[in-house]
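Enquirer: Submitted below is the structure of interest, expressed as structure tokens.
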Amino acid sequence: MTTLLIADHNNTSLADATSRALTAALQLGGDVHVLVAGANDRAAADAAAKLDGVKKVLLADDPALDHQLAEPIAALVVSLAGDYDAIVAPATGNGKNILPRVAALLDVAQVSEITKVISSDTFERPIYAGNAIAEVRSTDRKTVLTVRGSAFAPAPQGAATAPIEPVAAVAGDYRSFFVGEALASSDRPELTSAKVIVSGGRALGSAAKFNEVILPLADRLGAAVGASRAAVDAGYAPNDDQVGQTGKIVAPDLYIALGISGAIQHLAGMKNSKIIVAVNKDEDAPIFQVADYGIVGDLFQVVPEIEKALN
Amino acid sequence: MKILVPVKLVIDSNAKARVKPDQSGVDLANVKLSINPFDEISVEEAVRLKEAGKVSEVVAVTIGVAKAQDALRAALAIGADRGILIQTDEMVEPLAIAKLLAKVAEAEQPGVVILGKQAIDDDSNQTGQMLGALLGWPQATFASKVDLSAEAVEVTREVDGGHQTLKLTLPAIVTTDLRLNEPRYPSLPNIMKAKKKPIETKAPADYGVDVTPRLKLLKVGEPPARSAGIKVKTAGELVEKLKSAGAL
Ligand SMILES: Cc1cc2nc3c(=O)[nH]c(=O)nc-3n(C[C@H](O)[C@H](O)[C@H](O)COP(=O)(O)OP(=O)(O)OC[C@H]3O[C@@H](n4cnc5c(N)ncnc54)[C@H](O)[C@@H]3O)c2cc1C
């Protein structure tokens, strides 16, 4: 069998989730080819060619494929799909946006956010905010999957370099036009690949306090910054930082939850972290039911004390 | 312009799903069911567009068992004008849902279909995108802002790293994210009024769609359990523990 992995990238580098999805793709058992579709995206293709286990990289470099719009990329994937038994993408914003379109055009049921490959057609995936794990078998002639990055280790870079072959975009009247984007740039680690995450909740009370309390601790630990939905909704943190059922799913070595109650939707995004620390002034807060180490107290007092103890 | 809003009845977001002892699924007996929160946001957005005079009619549609019409009633109470229940006792997967919705869209000719980005039961996040593919319509998923005009819709989307804005020429698909709006609590009079609004009942066969599942559900198990750890008194003690656990 042969698998096509759709890379998530920004034209110059690969998203970490791509190498994690590669690990899952390799577990299907066949050869893996990686499609890098974008504009001026040669550098991303070069990075894909270096990943261990990749047999071939397909490079589609076309202005029409810029900004990862779902319509032209799905059309391109469908044009290539005849050669493949499985089509895989990381369950990133782009993967979630593009892949169901591919699945429907191929008349195949998609299996979303797999966390385990049991065999080439059987997978585990969490449902009900991770309160249940479904084992499903695809009966379609092709398999279409998105992969939850936190459940698979990134594939390493190998010594070998896979060949890169050009493929052409599919022209069409897609009726979707890029207008603009506002992307935050940060020197902090990216949430879904960070080893340590410091996450703040509604208790922070304002964007100013969030920045004043969460960021120094995150910087001290070299950590990524996360937030609960309540903190994002209130504008304390950007939407991109939301951890949970409907935000980012993370599993760092250390997750520090500050002033977060631990609603099921939040737990869904972080309860597979290796070590969980919670600071909450309510000793009955549900977050303590999953925390390895808890401090009952006022985070505005405790966090500076943690920083002091670290020094 | 008409807007079509597909809605789903799901486990209430405050209820906890319990796995059945025989591992055949999740036990939903005696569990509170509600309209999927993202669909509520979709209905709210459609109704606001109608209140702004940009839309003439909001049609809600659901696919499921007879009780699924509770989701339609919730949509009608927010302000949708009428409902369509495509009734079936089968488990219908997103692809078949999208096929049914494509038939409804062909019949109703909406300018926009607004769907929730995911249902909080199966967490698939597929239906809107699949519907776009089947109809050949453009899509803007994970919307946090929707600006509708007669010919196009401009949508700001939540993407990894921030926001992206797209312009789609109509007809088009939009899927909603949490920060698009805050749905209203329907007033009692509106809940009463909703009971009188029309709901048309159909069957998948009326649309000639085969809803046979493509995925075999082999079993539904418990997630790995995680037990509570210990409480520590001071920050110093915490840092000690983390160091000896190798986490720092
Ligand atoms: C459809 C849907 C999807 C959702 N998706 C997500 C998601 O992806 N991610 C997510 O996080 N949530 C999500 N939610 C929301 C979720 O249900 C909770 O509302 C949210 O997680 C609560 O955020 P919080 O813990 O910051 O706020 P709260 O629940 O208000 O908790 C604040 C906590 O701070 C504590 N506190 C207050 N002051 C202090 C202090 N000075 N020091 C220490 N502790 C203090 C309080 O005791 C409390 O426990 C979703 C909800 C729905 C309906």
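The values are calculated or read from the model by the stated rules, or taken from the named source; none is laboratory data. This one's a predicted model, so the numbers in the text were calculated from it and none came from an experiment. Cβ coordinates were reconstructed from backbone atoms using ideal geometry, including for glycine residues, and neighbour counts include every protein chain displayed.
Enquirer: Can you pull out the strands (runs of 3 or more DSSP E) entirely within the stretch B:134-248 that have at least 1 residues that are at positive phi and either crowded, with 19+ Cβ neighbours inside 10 Å or of a type in the set (A, V, I, L, M, F, W, C) (or both)? Working first, answer last.
Expert: Details: elements: B:139-148, B:152-159, B:162-169, B:172-176, B:199-202, B:215-221.
Filter on the stretch B:134-248 gives B:139-148.
Enquirer: Another question, if that's okay. Restricting attention to the stretch B:173-205, which residues are over 21 Å from B:Ile84 (Cβ atoms) and either in contact with a strand residue (DSSP E or B) (Cβ under 9 Å, 6 or more places away or on another chain) or within 14 Å of chain A (Cβ to nearest Cβ) (or both)?
Expert: Listed by number, the residues that qualify are B:Asp177, B:Leu178, B:Arg179, B:Leu180, B:Asn181, B:Glu182.
Enquirer: Another question, then. Scan the stretch A:89-99 and tell me whether some residue there is touching a strand residue (DSSP E or B) at 6+ places or on another chain (Cβ under 8 Å), more than 13 Å from chain B (Cβ to nearest Cβ) and within 20 Å of A:Ile164 (Cα to Cα). Outline the logic, then answer.
Expert: To start, the set of residues in the stretch A:89-99 that are touching a strand residue (DSSP E or B) at 6+ places or on another chain (Cβ under 8 Å) comprises A:89-91, A:93-99.
Restricting the remaining residues to those that are more than 13 Å from chain B (Cβ to nearest Cβ) gives none.
Within the stretch A:89-99, not a single residue is touching a strand residue (DSSP E or B) at 6+ places or on another chain (Cβ under 8 Å), more than 13 Å from chain B (Cβ to nearest Cβ) and within 20 Å of A:Ile164 (Cα to Cα).
Enquirer: Mind checking which residues of the stretch A:267-311 are in contact (Cβ under 8 Å) with a residue 60 or more places away in the chain and β-branched (Val, Ile, Thr)?
Expert: A:Val303, A:Ile306
Enquirer: If you don't mind, there's one more thing I want to ask. Can you pull out every residue in the stretch A:258-294 that is of a type in the set (Val, Ile, Thr), within 9 Å of another protein chain (Cβ to nearest Cβ) and crowded, with 24+ Cβ neighbours inside 10 Å? Let's see the steps before the verdict.
Expert: Pass one, the stretch A:258-294, residues of a type in the set (Val, Ile, Thr): A:260, A:264, A:275-277, A:279, A:287, A:290.
Next, from what is left, pick out any that are within 9 Å of another protein chain (Cβ to nearest Cβ): A:264, A:275-277, A:279, A:290.
Of everything in the stretch A:258-294, those that are of a type in the set (Val, Ile, Thr), within 9 Å of another protein chain (Cβ to nearest Cβ) and crowded, with 24+ Cβ neighbours inside 10 Å turn out to be A:Ile276, A:Val277, A:Val279.
Enquirer: With respect to B:Ala71, is the statement that it is closer than 28 Å to A:Leu145 by Cβ and modelled with pLDDT of 95 or more true?
Expert: Working: closer than 28 Å to A:Leu145 by Cβ: no; modelled with pLDDT of 95 or more: yes.
In short, no.
Enquirer: Mind telling me which of the residues A:Ala132, A:Ala159, A:Ala169 ends up being modelled with pLDDT of 95 or more and more than 10 Å from every other protein chain (Cβ to nearest Cβ)?
Expert: On the way: A:Ala132 fails: more than 10 Å from every other protein chain (Cβ to nearest Cβ); A:Ala159 fails: modelled with pLDDT of 95 or more.
Of A:Ala132, A:Ala159, A:Ala169, the one residue that is modelled with pLDDT of 95 or more and more than 10 Å from every other protein chain (Cβ to nearest Cβ) is A:Ala169.
Enquirer: Out of B:Gly79, B:Gly128, report the one residue that is within 30 Å of A:Ile133 (Cβ to Cβ) and not hydrophobic (A, V, I, L, M, F, W, C). Break it down stepwise before answering.
Expert: Working: B:Gly79 fails: within 30 Å of A:Ile133 (Cβ to Cβ).
The unique qualifying residue is B:Gly128.
Enquirer: Follow-up. Would you mind telling me which numbered condition in (1) surrounded by 24 or more Cβ atoms within 10 Å (Cβ to Cβ); (2) assigned to a helix (DSSP H, G or I); (3) in contact with a helix residue (DSSP H, G or I) (Cβ under 9 Å, 6 or more places away or on another chain) A:Ala47 fails?
Expert: Evaluating A:Ala47 over (1) surrounded by 24 or more Cβ atoms within 10 Å (Cβ to Cβ); (2) assigned to a helix (DSSP H, G or I); (3) in contact with a helix residue (DSSP H, G or I) (Cβ under 9 Å, 6 or more places away or on another chain) leaves (1) as the failure.
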